[in-house]
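Undergrad: The structure that follows is given in the form of structure tokens.
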Amino acid sequence: MHTDEERLYDPNEEEEVSDVAQNIDASLPRTPNESNGGVNGTNASSPTAEDQQVEAVKHRWFILEPPVFLVFLAMYLSGTVYQNQLLYQTCIFVFNYNETQCEPLLGVERETEEVKRIETQVQPYVARILMARSLLESIIPAIVSLFIGPWSDKFGRRPIVLTTFTGYLCGSIILTTLSFIATKTIVSPWVFLLSSVPSVLSGGTCALITGIYCYISDVAKARARALRMVLNEASLCAGMMIGNVASGYLYAATNAVTVFAISSGLMLLSLIYVYIFVVESLHPDLIHSGSKLREFFRFDLVKDLVQTCIKRRPNFDRAIIWLTMMALTVAIFTMEGDSNVTYLYVRKQFEWTLKDFSMFNAARIIVQIFGSVLGMFILRKLLKFSIISMTMISLASCVLESTVRATAIYWWELYVGLTLGFMRGIMGPMARAILSHVAPSTEVGKIFALTTSLESLSPLIAAPLYTSVYNATLEFYPGLFNFISAGLYLLCFTFISAIFGIQKSMGQTATYQAIGS
């Protein structure tokens, strides 16, 4: 019987079972006896052709979806509670109010006028802490990711996935410990930034996304790769939605320490899953030997990454890679900028409360999950839409949603907009599927790494831009920023349309047939 690692490796990713079995058998690492034909010139332990076929068609319903769901559930379960904890600690430690005055800032009790006055003082200080956290979790992981991508192409994906999950677990344990200490004594709110250090040093979300999509690119069959990426995105969104909704109820029933402890438990479960069930996706012959730690800190890895992304390629492959990367970066730029001011917009335009906005976000994620999965099965599997076509449909959904939000007069029109944007969730997976088909497996880690680094840095520009536009138009048209979003999504649509044109003109090559099928 083959090991899990051997069973995952499928060099040509053929659909026919017999061809797959032959390819897997040819690619399996041999023992010395097998290489020499065995002691008696035969390989008695070699499986029969029937055994090979049985092993080859074994299918995993899940790759990384369960741990991704758990880790994002944990992150969003504790996200709002973390901010409330900062408000409370700042109120006591920095502004020297007593516990009775600051306790409503924990978000359990309704605020009085006096508490609102205190919060007006406290919020700007907390905003600086959150900005420092945002910079810490954006800039450093973006730099680390430039090393992670090339390193994973040499030494495998599994160490990256294990390291990032371990970093999140350590950070959650630190946060739980600090919260417990804060119940016994007064601590500075800045100390809570220590909980971000492990995940930042392990690459944070940049490394997590790079490792996950590289792993899926390695193990998923070519035809199923895009669907696998969409399912991964759906599990991520499901974790975010359930975490957001459950956070308030769990916090009201318990306390901050308990919520953080539960988050730590969920992250521990995700790490255990990865350690037990996720095997290395790269074939052993492709993994380099040598010191993995020493190789990680080599700057020529970054040089290799840049050279890989800018080198000349056959036909229009380089243009496709850069058009896709720009589309992904601009789309993330738009999403981040949009999310930075949307809550302020709905408060101003429709007088929404936090509960109204939370319900809207939950509905949006639900529509996005079902729209993405159903869209993939109906349009992709049944109607045979190509990867490029699916990406274009997703971006068209984004344009429609932003346009409806920009022209909305009544609150229910926002729900019409989110319905029109039901396919927006497949944009990222489809675009990454294009990259995984165009780039060879030994280079996909470098290209994904540069892409996620650019995505991570984009909020640093998007947030001040959207905030400036919103403040400038607040008095006469608070929803004007949505037109900017629609225009930027249209720009992304243009990038992918150019790829569509290239694919149609060069469709005879295997790569262009893959992204056009």
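Undergrad: Scan the range 100-150 residue by residue and report those that are touching a residue at least 60 places away in the same chain (Cβ under 8 Å) and open to solvent by less than 10 Å² (accessible area, probe 1.4 Å).
TA: Val126, Ile129, Pro141, Ala142, Ser145, Ile148, Gly149, Pro150
Undergrad: Glu336 is checked against (1) closer than 23 Å to Met241 by Cα; (2) touching a residue at least 40 places away in the same chain (Cβ under 8 Å); (3) open to solvent by less than 70 Å² (accessible area, probe 1.4 Å); (4) not hydrophobic (A, V, I, L, M, F, W, C) and fails just one. What number does that condition carry?
TA: For Glu336, the failing item is (3).
Undergrad: Also, I was wondering about something else. Determine whether the range 122-142 contains at least one residue that is at pLDDT below 85 and more than 31 Å from the chain's Cα centre (by Cα).
TA: yes
Undergrad: Still on this structure, please answer the following. When you look at Glu455, is it among the acidic types (Asp, Glu) and over 17 Å from the mean Cα position of the chain (by Cα), yes or no?
TA: In short, no.
Undergrad: Out of the helices (runs of 4 or more DSSP H) lying entirely within the range 152-248, which hold 1 or more residues that are more than 18 Å from Leu271 (Cβ to Cβ)?
TA: 158-184, 204-219
Undergrad: Another question, then. Mind checking which residues of the range 406-426 are of a type in the set (A, V, I, L, M) and part of a helix (DSSP H, G or I)?
TA: First pass over the range 406-426, keeping only residues of a type in the set (A, V, I, L, M): 406, 408-409, 414, 416, 418, 420, 423, 426.
If the condition is that a residue be of a type in the set (A, V, I, L, M) and part of a helix (DSSP H, G or I), then Ala406, Leu414, Val416, Leu418, Leu420, Ile426 are the ones that fit.
Undergrad: Considering Thr452, Thr511, Thr403, which residue is at pLDDT 90 or above and either assigned to a helix (DSSP H, G or I) or farther than 29 Å from Leu379 by Cα (or both)? Give the steps one after another, and end with the answer.
TA: Values: Thr452 fails: at pLDDT 90 or above; Thr511 fails: at pLDDT 90 or above.
Result: Thr403 is the single residue among Thr452, Thr511, Thr403 that is at pLDDT 90 or above and either assigned to a helix (DSSP H, G or I) or farther than 29 Å from Leu379 by Cα (or both).
Undergrad: Of the conditions (1) part of a helix (DSSP H, G or I); (2) touching a helix residue (DSSP H, G or I) at 6+ places or on another chain (Cβ under 9 Å); (3) over 16 Å from Val191 (Cα atoms), Val126 clears all except one; give me its number.
TA: (3)
Undergrad: Can you find, within the range 360-400, the residue that is modelled with the highest pLDDT among those that are open to solvent by 40 Å² or more (accessible area, probe 1.4 Å), in contact with a helix residue (DSSP H, G or I) (Cβ under 6 Å, 6 or more places away or on another chain) and assigned to a helix (DSSP H, G or I)?
TA: Leu400
Undergrad: Just to be sure I understand the filter: pairs with C-beta atoms under 6 Å, separated by 6 or more residues or on different chains, first member in the range 257-283 and over 17 Å from Thr80 (Cα atoms), second member assigned to a loop (DSSP other than H, G, I, E, B) and open to solvent by 30 Å² or more (accessible area, probe 1.4 Å). Which pairs pass?
TA: Close Cβ pairs satisfying both conditions: His283/Tyr9.
Undergrad: If you don't mind, another one. I'd like to check something: does the range 346-359 contain any residue that is within 22 Å of the chain's Cα centre (by Cα), closer than 18 Å to Leu236 by Cα, assigned by the TED database to the domain that holds Glu475 and surrounded by 15 or more Cβ atoms within 10 Å (Cβ to Cβ)?
TA: yes
The values are calculated or read from the model by the stated rules, or taken from the named source; none is laboratory data. If you're wondering where the values come from, they're calculated on a predicted model, not measured in any experiment. A quick note on method: Cβ atoms are made from the backbone with ideal geometry, for glycine too, and the neighbour counts reach across all protein chains shown. Ligands, DNA and RNA are excluded from the accessible area calculation, which covers all protein heavy atoms including side chains. Shrake-Rupley method; radii C 1.70, N 1.55, O 1.52, S 1.80 Å.
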